[in-house]
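**Q** Before we start, here is the structure in question, set down as structure tokens.
The values are calculated or read from the model by the stated rules, or taken from the named source; none is laboratory data. Please read these numbers as outputs of a predicted model, since none were measured by experiment. Cβ placement follows ideal geometry from the backbone for every residue including glycine, while neighbour counts extend to all protein chains displayed. When the accessible area is computed, the model is the full protein with side chains, heavy atoms only, and any ligands, DNA or RNA have been set aside. Shrake-Rupley method; radii C 1.70, N 1.55, O 1.52, S 1.80 Å.
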Amino acid sequence: MLIWFLPVFLVFLMIGLPVFFGLLAAPGLLLWMNGQERDIVLLYRNVYNGMDSFPLMAIPFFMLAGELMNKGGITMRLVEFSQALMGHLRGGLAHVNILSSMLFAGLSGSAVADTSALGSMLIPAMEKQGYTRRFAAAITAASSVIGPIIPPSGIMIIYAYVMGESVAALFLAGIVPGVLVGVGLMIMVKFMANKYDFPASSRRYTWSERGDASLKAFFPLLTPVIIMGGILAGIFTPTEAAAVAVAYALCIGLFVLKTIKPSDIPAVLNRAGITSAMVLLLVGAAMAFKTVVSLSHAPEIMADFVLSLTQNPLLLLFLINVLLFVVGMFLDAGPAIIILGPILGPIFVSMGVDPIHFAIIMSVNLTVGLATPPMGLVLFVAASVSGERVETIAKAILPFLAVEIAVIFLITYIPALSMTIPRLTGFAN
């Protein structure tokens, strides 16, 4: 009977129950109906146990670092730096939007933070320069999915925690896919700029102005270097790296740039605490949900079903990508990874797919799901920031989603794209 936990969960979602409560109510109801009251106690105890983890502490620290950098005006400096480099091109502000997302990804690792921080600045600026508001919102939402792909990444931290993989290996494996998404979006913007005659900046920045913008962005751009450099050198763990990022952001905001006042800190802590609590509650509920996954023998049943379709790894990867894309349309990336990772991961590892490679396929696919209708979270954030309707943004984002889907299949069938850096650095075989 427990095998029905996933359909019941989906029914709860469709009737509007929040994901957190659906993750607990669906298995709890089935355990009660199955006469397994003692397992219900185990289920809800695992909500706390699922959050009580040292590696997961990296998530609230990275979120706090992102809030501090946003409050300290660091986001604006990244945008100015991007504009100095690419603002003179036709469709320049769209390129600036994408490059800013790639740079911001190395600071926060959050698609929602990216959409909110960059969208509030760039959407009005793009509209003022002649872009339609729906296009500005669409490119902001599409480029924000780079946030959880380029390290640091909250989603990859969750995957590593659930599946017992190396956080550093996943971070390194995400660099090339994240850059590919950014470059692919820029190519699409260039094509659309020529076709629809997008506006270009009236002037090209001088080298002196570019140097000035680079100096202003120097300290923010040093953040990912400190994070990844410290992890790779073995100086600190990913969780300790997140704490270092917070200390660095605080020092830069308070003493170097002097854009943060001590009176700003309580509000920053409050916002970061609320966001972190939402994520960690979902992780705790999903880890409890995972208990029922194991009790129901769903991984074995799913493996037998999948292998009965075909034993060709290439075809299976295609089918799983389709499945993950559909799941990502309805379910947030974190819960989806915790629910499906233990089910799908062992199937492909047993067929010879490298676990780090599959982790990147799954993480990137579900991250792109954040920008897909009908339930894509960043679509709703972009709608909130821009004032456009979600349906309007969903139509405008389709060409960019096509690019991101193409990147998903590239990294699926060319493992070297994601595996070369981890192998060269000794974090993967």
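**Q** Quick one: helix 58-71 against the long Cα principal axis of the chain, what's the angle to the nearest 10°, folded into 0 to 90?
**A** 20 degrees
**Q** I would also like to ask the following. Once label points are set 7 Å from the Cα along Cα→Cβ at both residue 269 and residue 329, what is their separation, rounded to one decimal in nm?
**A** Output for this residue pair reads 4.4 nm.
**Q** In whole Å, what three semi-axes, largest first, describe the equivalent ellipsoid of the chain built from its Cα gyration tensor (square root of 5 times each eigenvalue)? Walk me through the numbers on the way to the answer.
**A** Details: eigenvalues 256, 116, 91 Å².
Semi-axes (√(5λ), whole Å): 36, 24, 21.
**Q** Quick one: Karplus J couplings for segment 386-402, per residue in order, coefficients 6.51, -1.76, 1.60, θ = phi - 60°, nearest Hz, x for Gly and Pro?
**A** 8, x, 7, 6, 4, 4, 5, 5, 4, 6, 5, 7, 4, x, 6, 5, 4
**Q** How charged is the neighbourhood of residue 392? Take every other residue with its Cβ under 11 Å from the Cβ of residue 392, and add Lys/Arg as +1 and Asp/Glu as -1. Numbers along the way, then the final one.
**A** On the way: positive: 133, 134, 389, 395; negative: 388, 391.
Here the charged neighbours net out to +2.
**Q** Could you sort 104, 218, 236, 427 by accessible area so the largest value comes first, with the probe set to 1.4 Å? Don't skip to the answer; put the middle values down first.
**A** On the way: 104 5, 218 105, 236 35, 427 70 Å².
Largest accessible area first, the residues go 218, 427, 236, 104.
**Q** Over what distance in Å are the Cα centres of segment 40-87 and segment 392-421 separated?
**A** 23 Å
**Q** Kindly provide the helix-only [θ] at 222 nm of the chain, computed as the sum of -39,500 (n - 2.57) over DSSP H runs of four or more divided by all residues, to the nearest 500 deg cm²/dmol?
**A** Values: 22 runs with 325 residues, N = 429.
It lands at -24500 deg cm²/dmol.
**Q** Right, another one. Would you please state which residues of segment 89-120 a label at residue 204 would reach in this model, taking the label point 7 Å out along Cα→Cβ and a backbone N cut-off of under 18 Å?
**A** Within reach of a label on residue 204, which here means backbone N under 18 Å from a point 7 Å along Cα→Cβ, segment 89-120 contributes 89-93, 95-96.
**Q** For the chain, with a Gaussian network of springs between Cα atoms less than 10 Å apart, report the residue from 254, 93, 172 with the top mean-square fluctuation.
**A** 254
**Q** Quick one: ranking 354, 52 by accessible area, 1.4 Å probe, largest first, what do you get? Walk me through the numbers before you get to the answer.
**A** Working: 354 40, 52 100 Å².
The most accessible residue leads, giving 52, 354.
**Q** Something else about it: Work out from phi, with θ = phi - 60° and the Karplus expression 6.51 cos²θ - 1.76 cosθ + 1.60, the ³J(HN,Hα) of each residue of segment 225-231, listed in order in whole Hz, and give x for Gly and Pro.
**A** Couplings: 5, 5, 4, 6, x, x, 5 Hz.
**Q** Would you mind checking which residues have amide H under 5 Å from residue 200's amide H? H placed 1.01 Å from N; only 5 or more apart, or other chain.
**A** The answer is 91.
**Q** Also: Need the full-extension length gain, residue 409 to residue 226, defined as separation in residues times 0.36 nm minus the C-alpha distance. One decimal, nm. It would help to have the intermediate numbers written out before the result.
**A** Numbers: separation 183, 0.36 × 183 = 65.88 nm, distance 3.14 nm.
Length gained between residue 409 and residue 226: 62.7 nm.
**Q** For the peptides 176-186, 326-336, what is the packing order when you average, over each peptide's residues, the other Cβ atoms within 10 Å and list the highest mean first?
**A** On the way: 176-186: 21.9, 326-336: 19.7.
Highest to lowest by the protection proxy: 176-186, 326-336.
**Q** Any chance you could look up the accessible area of residue 47 with a 1.4 Å probe, heavy atoms only, rounded to 10 Å²?
**A** 20 Å²
**Q** Summing +1 for each Lys or Arg and -1 for each Asp or Glu, what net charge is found among the other residues whose Cβ lies under 12 Å from the Cβ of residue 271? Spell out each step's value before the answer.
**A** Details: positive: 71; negative: 67, 264.
Overall, the nearby charge balance is -1.
**Q** By the scheme Lys and Arg +1, Asp and Glu -1, what is the net charge of all other residues having a beta-carbon under 14 Å from that of residue 357? List each step's numbers first, then the result.
**A** Working: positive: 423; negative: 165, 354.
Here the count lands on -1.
**Q** What is the extension gain from residue 425 to residue 29, computed as 0.36 nm multiplied by their sequence separation minus the C-alpha to C-alpha distance, in nm to one decimal?
**A** Stretched fully, the residue 425-residue 29 segment lengthens by 137.8 nm.
**Q** Taking every pair of distinct Cα atoms and averaging 1/r, then inverting, what Kirkwood hydrodynamic radius in Å comes out for segment 29-103? Spell out each step's value before the answer.
**A** Numbers: mean 1/r = 0.0610 Å⁻¹.
Result for segment 29-103, one decimal place: 16.4 Å.
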